[in-house]
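Everything on this sheet refers to the single structure shown next.
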Amino acid sequence: MKLLLFIFLVSFATGYELEVYRACEPIKIDTCKGIGYNVTSMPNLVGHDLQKDAEMQLNTFTALIQYGCSSQLQFFLCSVYAPMCNEKVSTPIGPCRSLCESVKNRCQPVLQEFGFPWPSALDCSKFPPENNLQHMCMDGPGEDTAPLPLSPVYPGRNPVVMGVGVVANPKKDIYPKNTFTESPEKPCSKYRNPDKFVYINRTGRCAQHCDADILFGKEDKAFAEVWFTVWSFLCFSSSLFTVVTYLIDGSKFRYPERPLFFMAMCYTLASVGYGIRLLGGRSDISCHIEPQHGINILTQEGLDQSNCAIVFLMTYFFGMASCAWWLVMNFIWHLVERKPGQKTYTHNVIQRYSSGLHLVAWGIPAAQTITLLVMMVVDADELTGMCFVGNQSSDTLLRFVIIPELIYLVIGAGFMASGLLSACSSTPNHTALVQVPAPQRGHSLHIPVQQPDTETAQSSKRLCIFSVLFFVPMVCVLCFHLNEYFSRELWLTQLQRPRIVEIFMLKIFMCLIGGVICALWVWVAKAAGGWGRCGRRILHRKQSTPAYLQTVPAVHHAAIHRSNHFIVDHKPQRSRHTSRNGSETMV
């Protein structure tokens, strides 16, 4: 023991060090695979204990790597966040100071152009000035413009640090070049007011400042807010009146008219989205601070603002659902307007397939909405501050607004045309046969009477008129979206501000007029009479005996069915016919 202790003290005093082994692990970060070495160790040079944490931090430099400011940037970042490991070296092997300074000289101006300083974690003074036996480091592969001589890489072996640098053979395609069509200094220079735009690397698009007036002036925005406030209130009140009327007297909304109730409900909730935008304020709904630049911009990813996402859900989902229910309404009308001899689709028959109709009318718009939220393509409108789809991107406007509206419109118009042709070619069979149960002791006998179903015929005519009334604003809205798709780039790049505010005012009007049309159906169908009956029930709740039962003798205990049919009362062995005006005919 004394001998061993003596040897240890002598070795320590003479400067000999015991050999230290370091545990290495394979590189799991995708960005750092195939850069010349394949093992690393944690913690890295910035203090991360897990490769997963290092990868999350490294992904924030993806846009800068794709920008191509330096061909050594990717190697430099990997040498910091996933430094090379050698089991015989006690410390991780990171970049040399010369590699850091070379990358910094090329990429720091780019970061400053976008308003970012050089990261403090990448301070070049922290790295060794040169590679030697005391401080091993990597000089990197060198810039493409002036490549350094590299030693060959031996298959199956880790690179070895030499005095002149690191043995490496990085792939040339991992250093992407700048692919922007615009100037790197001014990527938004194609627009009329480039100083009012800022380029967002995350989305790859130019976003305008929140308070900038690009296509519309302050007067236009103030008038637009008043305009959509008035029409959203009219749409909300009219469609809500229709919904409450259905809840009071739902018998007036039988198939094929029932889809009008769901359309009214869609317009009610869509107009609520306009109300949320009005109460929340323009800047709080449509704007947010971009972390890359620290500038308040019109949002391009609606999930950044919860209020913006809510406005989008209310307007987009229920707007598309109203189009889907219009299609369903025309499909049902197409089934009802059948020629004599074909299957008759009554309310009860259609009711059995109502689950499938609801699945189509609600499911397809829901799938569209979920897709947009996942893709994060919800953006804000400059004129109204509403959050929708395609306000700033023509591509999303085409795929998620124009194409779905066109599909709903074409298919619905086909069913509408089929219903019109069937109604004009022949008289539909609107004859109703009243079914009467078998007589039993103590109950009334209802004799079947066949009479023309004039109510169904009138309902079919009204349905034809209102289907066309909904068709007109849908066509107009589609035309406005097509015009915006083909003309947006021209509006943004021409020297003078275009006069297009009237087009957008008419578009808002056409989007909200459907709620007023739903209320017109209620008045035409005289369904508002349910409001009167509801009021009379409230005013006469305390009345003991209804008026229509006071004419019935008290001695009759059998149930009497009050209708336009013969009634047989088995208990008194007499029958009588009661007409609507109260007169009776004894039999």
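Accessible area of Ser393 (1.4 Å probe, protein heavy atoms only, ligands and nucleic acids ignored): about 20 Å². Estimated at the nearest 10 Å², the accessible area of Trp231 is 50 Å² with a 1.4 Å probe. In terms of accessible area, using a 1.4 Å probe and ignoring ligands and nucleic acids, Ser189, Ser271 rank largest first as Ser189, Ser271. Give me the net charge for the shell around Trp227: Cβ to Cβ below 11 angstrom, other residues only, Lys and Arg +1, Asp and Glu -1. Net local charge, Trp227 excluded: -1. The share of accessible area on region 248-333 that comes from carbon and sulfur is 62 percent, using a 1.4 angstrom probe. Using only alpha-carbon positions in region 183-323, the gyration tensor eigenvalues give semi-axes of 39, 16, 12 Å once each is multiplied by 5 and square-rooted (largest first).
For region 304-422, the Cα-based Rg and Dmax, in that order, read 17.5, 59 Å. Calculated accessible area for region 281-336 comes out at 29 Å² per residue, all protein chains present (probe 1.4 Å; ligands, DNA, RNA ignored).
Around the amide H of Ile295, modelled in the peptide plane, lie the amide H atoms of Glu290, all under 5 Å away and 5 or more residues distant in sequence or on another chain.
Using a probe of 1.4 angstrom and keeping all protein chains present, the accessible surface of region 227-272 works out to 37 square angstrom per residue.
The values are calculated or read from the model by the stated rules, or taken from the named source; none is laboratory data. Quantities reported herein were computed from a predicted structural model and do not represent experimental measurements. Neighbour counts run over all protein chains shown; Cβ positions are idealised from the backbone, glycine included. Just so you know, the surface numbers come from the protein's heavy atoms only, side chains and all, with ligands and any DNA or RNA stripped out. Shrake-Rupley method; radii C 1.70, N 1.55, O 1.52, S 1.80 Å.
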